[in-house]
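The values are calculated or read from the model by the stated rules, or taken from the named source; none is laboratory data. Bear in mind that the values here come from a model prediction, so they are computed numbers and not experimental data. Please note: Cβ atoms are built from the backbone with ideal geometry, for glycine as well, and neighbour counts cover all protein chains shown.
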Amino acid sequence: MGMCIITTGRSAVAAHDFCKIIWLLGVPCDKVSLAIVTQIKAMGSYKLGPVTPFLIQANHASALGQVESVNFTMISTSMSLGCHVEGSSVSAFWYSLFDNGTNYCNLHNVIRGTGLTKAPGFIEFTNEWLCLGFGVSACK
């Protein structure tokens, strides 16, 4: 029997739980950005980091003391009438691989809290390959 190992060159201990989601909205990016920043400021478990017109950075602290890096990147679509948003959340610790979708919920809870899930043209794209724990997530 042969064996093939594919590696990134990093040790297994350096693995982190992560989630990436893409949203498409029929709302200009400046309004999306404002809604996300406002929502992050309103949520006590998030600490807002640097904000530019196209990137919002924050950290989320879970009830268990875990910290996740959360980012939202915006790109205008259709002559600035719509917005392509990419959200990512990455846990700081390897054992977060078993956190039942915390990284998905970090992103989902912000977007849901903004009300953008009811915006014209709202579509969410993710799956278990892009977002570990997505299938077992139980967002509150």
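Quick notes on this one:
- Annotation note: Cβ proximity below 8 Å between a residue of the stretch 50-61 that is free of Cβ contacts under 8 Å to residues at least 40 places away in the same chain and a residue that is surrounded by fewer than 15 Cβ atoms within 10 Å (Cβ to Cβ) and charged (D, E, K, R) (sequence gap 6+ or interchain) occurs for P53/D30.
- On the stretch given as the stretch 10-26, residues that are surrounded by 16 or more Cβ atoms within 10 Å (Cβ to Cβ) and modelled with pLDDT under 95 total 5.
- The single condition among (1) surrounded by 18 or more Cβ atoms within 10 Å (Cβ to Cβ); (2) over 12 Å from the mean Cα position of the chain (by Cα) that V67 does not meet is (1).
- Checking each residue in the stretch 58-89 for being in contact with a His (Cβ under 9 Å, 6 or more places away or on another chain), in a strand (DSSP E or B), of a type outside the set (S, T, Y) and at pLDDT below 95 picks out V67, E68.
- A single member of L132, L116, L107 is touching an Asp or Glu at 6+ places or on another chain (Cβ under 7 Å) and either acidic (D, E) or buried (at least 16 other Cβ atoms within 10 Å of the Cβ) (or both), and it is L132.
- Residue-level check: of (1) at pLDDT 95 or above; (2) assigned to a helix (DSSP H, G or I); (3) surrounded by 16 or more Cβ atoms within 10 Å (Cβ to Cβ); (4) not aromatic (F, W, Y), L34 misses just (3).
- Checked against the criterion of being of a type in the set (D, E, K, R) and more than 23 Å from N127 (Cβ to Cβ), the stretch 23-36 contains one or more residues that satisfy it.
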